[in-house]
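Report on the structure given below.
The values are calculated or read from the model by the stated rules, or taken from the named source; none is laboratory data. In this text the structure is predicted, and so the values were computed from the model without any measurement. Counting neighbours? That spans all protein chains shown, and the Cβs are built from the backbone with ideal geometry, glycine included. Note: accessible area is taken over every heavy atom of the protein model, side chains too, but ligands, DNA and RNA are not part of it. Shrake-Rupley method; radii C 1.70, N 1.55, O 1.52, S 1.80 Å.
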Amino acid sequence: MRNYLRMLTQKQPSYWRLLAIRIICALLVRTAFNPDEHWQGPEIAHQIVFGDMYPNAHSSTGSEIGSSASGGGGGDGSIRTPLTWEWHDCIALRSYLHPLMFVPLYWVLKVTHIHVYSPFLIAYSPRILQAFFAAATDMYTYKIARMWYGEKHARNTLITHMCGWFSLFCLCRTYSNCMETFCSVLAVYFWTLAENSNTPAKLFEKNRFYALFFAALGVLLRPTAAVFWVVVCGVYLLGQMYRVHIVRAGVFVCMCV
């Protein structure tokens, strides 16, 4: 624990060390928290790449699992895995944006036939991929705190963030909420850069574009993220309108004089 805290209190935290922590968390967490971790992400990607059949581990001794599974099974003892109701064509409540991030990963496993020899990779490779985004979330949380409060408080923020049990427990899981957090943190980071009074006009436009891009991506992943950004963008637009009115009033006064 002492070495863990010493690593976090370095003057310049390393993304790769944060990534190592997140990968360890992804591999060590073996508990079930919410079924959406699988049913709304990797399960959809798995069906896109491999179809809706899982090999039955008991097919050599009988197809009792395949016959008793919901939706039935295949003739070779495989288990049919129907999608949850949100993904039915008549409802289409969910976006495919989040599951699609796991499709290239599963496609590589399918093409190389690694999935046949290592079911572990089917189960845990999405979490390992999520660990990269989780480490980026950690890093940019530190950078935001450094811009707002300075280096000392940024290190304290990172320590608090990385020692929070729920952060270590949940951020490496394959929830759309975790990707929404990643997008929101990056959006806030670029928004803060754009708000810096010393930022040149070109950088201001670039940072504002990145902020709005990641904010929009977060809303596409989870529409409820719009609640936060409606407030932020609304306050910004009201401020711009107020400035325009002040300028117009000044011009009017000068013309009258």
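Tabulated values for the structure
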item: Contacts under 6 angstrom Cβ, first residue in region 164-180 being within 15 Å of Ile23 (Cβ to Cβ) and open to solvent by less than 20 Å² (accessible area, probe 1.4 Å), partner assigned to a loop (DSSP other than H, G, I, E, B) and small (Gly, Ala, Ser), 6 or more apart; result: Thr174/Gly41
item: Residue within region 103-125 that is among the aromatic types (Phe, Trp, Tyr) and open to solvent by less than 40 Å² (accessible area, probe 1.4 Å) present; result: yes
item: Residues within region 190-208 that are open to solvent by 70 Å² or more (accessible area, probe 1.4 Å) and of a type in the set (Lys, Arg), tallied; result: 2
item: Enumeration of residues in region 197-224 that are of a type in the set (Ser, Thr, Tyr) and either touching a Leu at 6+ places or on another chain (Cβ under 9 Å) or on the phi > 0 side of the Ramachandran plot (or both); result: Thr199, Tyr210
item: Breaking point among (1) open to solvent by 80 Å² or more (accessible area, probe 1.4 Å); (2) modelled with pLDDT under 60, for Ser63; result: (1)
item: Positions within region 12-30 being touching a residue at least 60 places away in the same chain (Cβ under 8 Å) and of a type outside the set (A, V, I, L, M, F, W, C), in sequence order; result: Pro13, Tyr15, Arg22
item: Tabulated pairs, region 143-159, first within 16 Å of Val188 (Cβ to Cβ), second open to solvent by 40 Å² or more (accessible area, probe 1.4 Å) and outside any helix (DSSP H, G or I), C-beta under 8 angstrom, 6+ apart or interchain; result: Met147/Asn196
item: Test: residue in region 115-123 that is under 20 Å from Tyr15 (Cβ atoms) and either part of a loop (DSSP other than H, G, I, E, B) or among the aliphatic types (A, V, I, L, M) (or both); result: no
item: Given (1) outside any helix (DSSP H, G or I); (2) modelled with pLDDT of 80 or more, index of the condition Pro104 fails; result: (1)
item: Flag for His161 being assigned to a helix (DSSP H, G or I), farther than 25 Å from Pro42 by Cα and open to solvent by 60 Å² or more (accessible area, probe 1.4 Å); result: no
item: Candidates Ala131, Ala154, filtered to the one that is under 27 Å from Phe228 (Cα atoms), within 14 Å of the chain's Cα centre (by Cα) and in a helix (DSSP H, G or I); result: Ala131
item: Residue satisfying condition, being crowded, with 21+ Cβ neighbours inside 10 Å, at pLDDT 90 or above and of a type in the set (A, V, I, L, M), within set Ala187, Ala145; result: Ala187
item: Arg222 being at pLDDT 90 or above and of a type in the set (Lys, Arg); result: no
